[in-house]
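Take a look at the structure below.
The values are calculated or read from the model by the stated rules, or taken from the named source; none is laboratory data. Every value quoted in this text rests on a predicted model; they were computed, and no experiment measured them. As a convention, Cβ positions derive from the backbone with ideal geometry for all residues, glycine included, and neighbour counts pool all protein chains shown. We work out accessible area using only protein heavy atoms, side chains counted, and drop any ligands, DNA or RNA first. Shrake-Rupley method; radii C 1.70, N 1.55, O 1.52, S 1.80 Å.
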Amino acid sequence: MEIQVREGTLVEVPTSDVTGMDRRAFGEFVGPGGELASYAFGWVTGSDPHVARLSVGIGAGNPGGGTFHAVIFVNEDSHAFSLVDEPFERVPQGGPDLTADQSRAHEDLPFVWWVTDHVMAHDRRAWWMRHWLLGTTCIQTPEVFERHEPVLRISHDADDGLWQLIGSSDAVGSNGRLRHLHHAVDEDPSLMDVLDLPPGHLAVRPALGRPWTCEV
């Protein structure tokens, strides 16, 4: 059996002051030997500093079962995790909420981090969250920025790591608009499908709602 990361529900609720969105994504993990875990992660747009939350549950109904909780934060040019006491979400496979010290002492902590790495690598909502954490910027053509055209072409430059979002009109000159990549996904969730585009690659589609094709 292959490792499976199954995306579940995405819950989006405006913050109490209506200045951002509280997003929480849920899913399930199945290991090659049938190992089960469930997870939830989330982030609140408009908050500062950018810190996300994570819960991973294992062993529901078993003596060693529990739910591990962590924060996700920027670490140099990537992200890192730190166990915390405060519970984030309840997940189906989880047992009692574990404190940070209980999690560190748990024999299955390496498995939990293994699950987390696969979730961050394969859940598209986690890619979205990671770009929010890192504050990834992109250049958009004026037509895309003003939402007159959908994004039909995305490039991730190999030299400087810059993302470029282009519609049906060609990108001409230096009139591109700079903004955060995660805001573009807010407006067009279909961009989530290519948020793991490696540097030096290009993704194109013929029209909004059509599948993306990746090229080098």
Stretched fully, the stretch from A207 through A100 gains (0.36 nm per residue minus C-alpha distance, one decimal, in nm) 33.8 nm
Sequence order, segment 148-165: Karplus ³J(HN,Hα) from phi using 6.51 cos²θ - 1.76 cosθ + 1.60, θ = phi - 60°, Hz rounded, Gly and Pro as x, gives 7, 9, x, 6, 10, 8, 10, 10, 10, 5, 6, 7, 10, x, 6, 9, 10, 10
Note to self: C-alpha centroids of segment 157-216 and segment 77-140 sit apart, in Å, by 26 Å
Computed from the beta carbon distance with a Förster radius of 25 Å, FRET efficiency for T137 and V51 to the nearest 0.05 stands at 0.80
Rounded to 0.05, the calculated FRET efficiency for the beta carbons of S168 and A121 at R₀ = 35 Å is 0.65
Counting all Cα-Cα pairs in the chain, those more than 31 Å apart amount in percent to 27 percent
Here the gain from full extension of S16 to Q4, 0.36 nm per residue of separation minus their alpha-carbon distance, amounts to 0.8 nm
Regression test value, accessible area per residue of segment 131-187, probe 1.4 Å, units Å², expected 51 Å²
Helix-only [θ] at 222 nm, the chain, -39500 (n - 2.57) per DSSP H run of 4+, per residue, nearest 500, equals -5500 deg cm²/dmol
Candidates D193, D17, D160; GNM for the chain (alpha-carbon contacts under 10 Å) flags as most fluctuating D17
At q = 0.21, 0.25, 0.28 1/Å the base-10 log of I(q)/I(0) from the Debye formula over the alpha-carbon atoms of segment 60-108 is -0.74, -0.92, -1.05
In nanometres, the difference between 0.36 nm per residue of separation and the alpha-carbon distance of E35 and V84 is 15.2 nm
Most fluctuating of D117, D48, D188 in the GNM of the chain (C-alpha, under 10 Å) is D48
Between W113 and D186, the FRET efficiency computed from the C-beta separation at R0 = 30 Å comes out, to the nearest 0.05, as 0.55
Listed by chain and number, the residues whose amide H is under 5 Å from that of G27, excluding neighbours fewer than 5 places away on the same chain and using placed H, are G8, Y39
For segment 100-206 the GluC sites (Glu not before Pro) that pass both the DSSP coil test and the at-most-14 other-Cβ-within-10 Å test are E107, E146
Between R179 and residues 5 or more places away or on another chain, the pairs with built amide H atoms under 5 Å apart involve C138, Q140
With Cα coordinates, the longest principal axis of the chain makes an angle with the long axis of helix 109-122, in degrees rounded to 10, of 20 degrees
